[in-house]
Amino acid sequence: MSLPIKIVLLLVFAALTALIVFFILIFLRPVATTVWLRRRALRRAGLRKTKLTTTVGKQIVWHGGAGPLLVLLHGAGDQAGTWNKVAPELKRHFQLVIPDLAGHGESDPVAGALSLGTLLTALEQVLDAMPWRDAPMVLAGNSLGAWMAMLYVQKYAQKHPHRVTRVILIDGGPIKNASEIGIMPKDREEARRTLDAVLDPSTARWPNFVLDDLVRVSNTGPISRLLAASVEDMSKYLLEDKLASFQLPVDLIWGASDRLVPLDYAKKLQSQLPHCTLTVIERCGHAPQFERPQKLTQVLLQILASDSSRLVATAQSVSGRSGETS
């Protein structure tokens, strides 16, 4: 057998082996495999992964693009890769900063109870990092990420009075949610009910082996660690009846089929905020970036179009001031 034929056969064998290993991983660890694929998609979109050192430990941030600064915050138990389907188009118009929140993805801490205070401290230090530390920004978050966006503005408004120009809350916020749907399923059937609550009826449901892996991850990952920090810890970060003086424009984007954080929650939140609009996405559940990424991208671009010129002007002004000497 000639050498070229041997090389071709070896390459074919290696490719088949890699394919077999990949499908085994999909079956054994479908959640982790999905996470890997989504993070790989961020890299293909041209985003760079950076490790930042904070008092909370290592924090991972994906960033790239040029223009006004747009920060995207994921939900509980999720990670930066959740934005992989909206990032390529948004990157054409904005400088994106997409962190793994503390205790999520590849960010520290990797063990122990995970308080909202820890997430908030890490987020402040991430947003204070170069090269985006002085840039005015729009904060957009899904689920827990929406809550964190509001907490950041509320806690650091005096320290950074002109830093955030707009907040976009996607199926989440800082007031109490009355939904009794569990987010830590104990078995396959509970996982199925949880998925029914977060997905539109038209969205394909996950097979049983994925549900089983979801149960395992939910009970050992960031969600369980957040709940281990106690209900009392979470309660002190609620902004119930504290939003009447919130002066920033807030845009709510909501999946019409979301039963985990239902549309009634969005309407209650809207009633408490003085400068707030609500956009409802039909045939969509709790995570529009997953179910309706093209529609979410369209809505985000429409919202941000009015902010873009003002953000650029403010950024230039800040840049000019930073170059002055006293």
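The values are calculated or read from the model by the stated rules, or taken from the named source; none is laboratory data. Nothing here was measured: the structure is a model prediction, and the numbers come from that model. Methodologically, a virtual Cβ is constructed for each residue, glycine included, from the backbone with ideal geometry; neighbour enumeration extends over all protein chains shown. Heads up: the accessible areas ignore ligands, DNA and RNA and are worked out on the full protein's heavy atoms, side chains in. Shrake-Rupley method; radii C 1.70, N 1.55, O 1.52, S 1.80 Å.
Taken together, the residues in the stretch 193-212 that are open to solvent by 80 Å² or more (accessible area, probe 1.4 Å) and within 22 Å of Leu226 (Cβ to Cβ) amount to 1. Within the stretch 149-159, is there a residue that is of a type in the set (Val, Ile, Thr) and under 14 Å from the mean Cα position of the chain (by Cα)? No, that holds for no residue. Among all positions in the stretch 74-97, there is no residue which is at pLDDT below 95, touching a strand residue (DSSP E or B) at 6+ places or on another chain (Cβ under 8 Å), among the aliphatic types (A, V, I, L, M) and outside any helix (DSSP H, G or I).
Of the residues that make up the stretch 239-246, is at least one touching a residue at least 24 places away in the same chain (Cβ under 8 Å), open to solvent by less than 70 Å² (accessible area, probe 1.4 Å), within 25 Å of Asp100 (Cβ to Cβ) and outside any loop (DSSP other than H, G, I, E, B)? Taking every residue of the stretch 239-246 in turn, none turns out to be touching a residue at least 24 places away in the same chain (Cβ under 8 Å), open to solvent by less than 70 Å² (accessible area, probe 1.4 Å), within 25 Å of Asp100 (Cβ to Cβ) and outside any loop (DSSP other than H, G, I, E, B). Report whether or not Thr121 is part of a helix (DSSP H, G or I) and open to solvent by 10 Å² or more (accessible area, probe 1.4 Å). Spelling it out, Thr121 is indeed part of a helix (DSSP H, G or I) and open to solvent by 10 Å² or more (accessible area, probe 1.4 Å).
If you go through the stretch 104-116 and keep only what is modelled with pLDDT of 95 or more and either of a type in the set (Phe, Trp, Tyr) or open to solvent by 10 Å² or more (accessible area, probe 1.4 Å) (or both), you end up with Gly105, Glu106, Asp108, Pro109.
Restricting Gly145, Gly141 to residues that are within 14 Å of the chain's Cα centre (by Cα) and part of a strand (DSSP E or B) narrows the list to Gly141. From the list Arg216, Arg283, Arg225, the lone residue that is open to solvent by less than 40 Å² (accessible area, probe 1.4 Å) and of a type in the set (Lys, Arg) is Arg225. Against the definition (touching a residue at least 12 places away in the same chain (Cβ under 8 Å), in contact with a helix residue (DSSP H, G or I) (Cβ under 8 Å, 6 or more places away or on another chain) and in a loop (DSSP other than H, G, I, E, B)), how does Ile168 come out, yes or no? No, not satisfied. Which of the residues belonging to the stretch 50-66 are buried (at least 17 other Cβ atoms within 10 Å of the Cβ) and either assigned to a loop (DSSP other than H, G, I, E, B) or without any contact (Cβ under 8 Å) to a residue 40 or more places away in the chain (or both)? Hits for the stretch 50-66 are Val56, Trp62, Gly64, Gly65.
Asp251 fulfils the conditions (1) in a loop (DSSP other than H, G, I, E, B); (2) open to solvent by less than 70 Å² (accessible area, probe 1.4 Å); (3) farther than 19 Å from Ser179 by Cα; (4) at pLDDT 95 or above except for a single criterion, (1).
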